[in-house]
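Trainee: Structure below; questions to follow.
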Amino acid sequence: MSLFIVAGSPVSHSLSPAMHNAAFKALGMDDHHYGAVQVGIGDVDSVVSMLRSGRIAGANVTYPLKTVMASRVDALEGVAREIESVNTLVPHAGTVSGLSTDGDGCVRALESRGVSLEDASILLIGAGGAARSIAVSLAHARPRSITVANRTLEHARHLARRLEDMAPAAGVALDALTEHASKADVIIQATSVGMRHHVAELPLADASLAHRPTVMDIVYDPLETPLLSQARKAGCPIVDGIDLLVWQGALSFQAWLGVVPPVDAMQKAARAAGGRP
Ligand code: ATR
């Protein structure tokens with residue numbers, strides 16, 4: 001039996017077990033299993049040692065462990081090295097590598113819906129952990145520009161400065177959202193605003209979507225966030241948070257097993273488990 005886990009706190013609501021177990025089933029890998037394990041910050045070393053010893057064959061890491069886990073693994077690869085945050089742990093002969101597939105998953109989710117990022121003007125909302133991973137992958141996709149809009153302007157400017165070597169980037173305050181949305185080809189919402197029970201709203205005027213940019217939201221509970229509902233009514237192409245979940249998971253799956261992930265089966269299972277086909 002090869003065991004895979006998602007570690008975090010809380011994790012009981014995670015859609016990853018349903019999604020990865022469906023992927024194993026689709027490929028006939030009956031001796032593989034994926035489960036959710038409640039792990040607090042004090043227990044991250046036990047996850048790393050179970051990976052080193054081979055008792056776990058691969059792991060995902062979620063809130064609140066992404067940054068602390070990055071400091072405990074033996075090596076960081078790709079985007080994870082740039083942002084010092086991980087969502088995927090891969091064992092190799094007694095050592096553990098950390099990867100961050102959120103950003104590349106975001107790019108793949110957009111591309112899978114026919115959205116081209118090359119030469120696009122991108123507006124990224126947020127400058128926290130999720131936004132940082134996405135920003136680095138977007139910057140590698142050769143966009144025309146990336147504008148980072150964030151509640152705390154200094155965080156937006158800081159992230160934009162980190163991107164400058166890779167792509168033209170600027171940080172702006174959230175008050176300027178409407179102005180920058182009207183110039184964007186692609187808008188990506190990467191904050192917690194829009195999550196169920198989150199009261200805040202984004203200051204975005206309907207008129208700024210009249211040119212029908214693609215609008216993506218990383219939040220998947222609810223699946224149609226207030227922003228996606230606004231975008232749908234404006235006639236914009238939309239990409240939802242389950243697409244991101246599926247593609248980041250598909251990239252983790254590929255990193256653990258070296259096989260092409262059955263993305264359609266993963267997509268179907270994640271939507272069914274979320275009760276949102
Ligand atoms: P995550 O790892 O999920 O990205 P995080 O690192 O805490 O979480 O980042 C949360 C992001 O959501 C930040 O961009 C945060 O803005 P600040 O940098 O100003 O903190 C943003 N955010 C959280 N609550 C918000 C709110 N009520 N309105 C606007 N932005 C908010």
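The values are calculated or read from the model by the stated rules, or taken from the named source; none is laboratory data. No experiment lies behind these values; they were computed from the predicted model shown. Counting neighbours? That spans all protein chains shown, and the Cβs are built from the backbone with ideal geometry, glycine included. Side chains included, ligands, DNA and RNA excluded: accessible areas come from the protein's heavy atoms. Shrake-Rupley method; radii C 1.70, N 1.55, O 1.52, S 1.80 Å.
Trainee: Tell me, which residue of the stretch 53-107 that is of a type in the set (Lys, Arg) and closer than 26 Å to Gln189 by Cα is least open to solvent (accessible area, probe 1.4 Å)?
Mentor: Lys66
Trainee: Take the residues in the stretch 201-212 that are open to solvent by less than 60 Å² (accessible area, probe 1.4 Å) and in contact with a Leu (Cβ under 8 Å, 6 or more places away or on another chain); name whichever of them is farthest from Leu245 (Cα to Cα).
Mentor: So, considering only residues that are open to solvent by less than 60 Å² (accessible area, probe 1.4 Å) and in contact with a Leu (Cβ under 8 Å, 6 or more places away or on another chain), the one farthest from Leu245 (Cα to Cα) is Ser208.
Trainee: So, in the stretch 7-29, exactly how many residues are modelled with pLDDT of 95 or more and either farther than 17 Å from Asn87 by Cα or exposed (fewer than 12 other Cβ atoms within 10 Å of the Cβ) (or both)?
Mentor: Summing the residues that are modelled with pLDDT of 95 or more and either farther than 17 Å from Asn87 by Cα or exposed (fewer than 12 other Cβ atoms within 10 Å of the Cβ) (or both) in the stretch 7-29 gives 10.
Trainee: Quick one: in the stretch 171-200, which of the residues that are among the β-branched types (Val, Ile, Thr) and within 13 Å of the ligand (Cβ to nearest atom) is least open to solvent (accessible area, probe 1.4 Å)?
Mentor: That would be Ile188.
Trainee: Grab the helices (runs of 4 or more DSSP H) fully contained in the stretch 200-277, keeping just those with 1 or more residues being at pLDDT 95 or above, closer than 22 Å to His13 by Cβ and of a type in the set (D, E, K, R).
Mentor: Hits in the stretch 200-277: 241-257, 263-273.
Trainee: A follow-up question, please. Please state which one of Val61, Val86, Val90 is at pLDDT 95 or above and away from the ligand (no atom under 14 Å from the Cβ).
Mentor: None of the other options fit; the residue is Val90.
Trainee: Do the conditions hold for Asn21, that is, is it in the same structural domain as Ala269 (by TED's automatic domain parsing), of a type in the set (S, T, N, Q), touching a residue at least 60 places away in the same chain (Cβ under 8 Å) and more than 19 Å from Ser100 (Cβ to Cβ)?
Mentor: Yes: the conditions hold for Asn21.
Trainee: Ok, one more. Any residue in the stretch 120-144 that's in contact (Cβ under 8 Å) with a residue 60 or more places away in the chain and within 11 Å of the ligand (Cβ to nearest atom): show its pairings with residues that are assigned to a strand (DSSP E or B) and open to solvent by 10 Å² or more (accessible area, probe 1.4 Å) at Cβ separation under 8 Å, as long as the two are six or more apart or on different chains.
Mentor: What qualifies is Leu124/Thr147; Ile125/Asn150; Gly126/Asn150; Ala131/Asn150.
Trainee: For the stretch 138-170, give me the residue count where each residue is buried (at least 24 other Cβ atoms within 10 Å of the Cβ), more than 17 Å from Val79 (Cβ to Cβ) and either β-branched (Val, Ile, Thr) or in contact with a helix residue (DSSP H, G or I) (Cβ under 8 Å, 6 or more places away or on another chain) (or both).
Mentor: Final tally of qualifying residues: 3.
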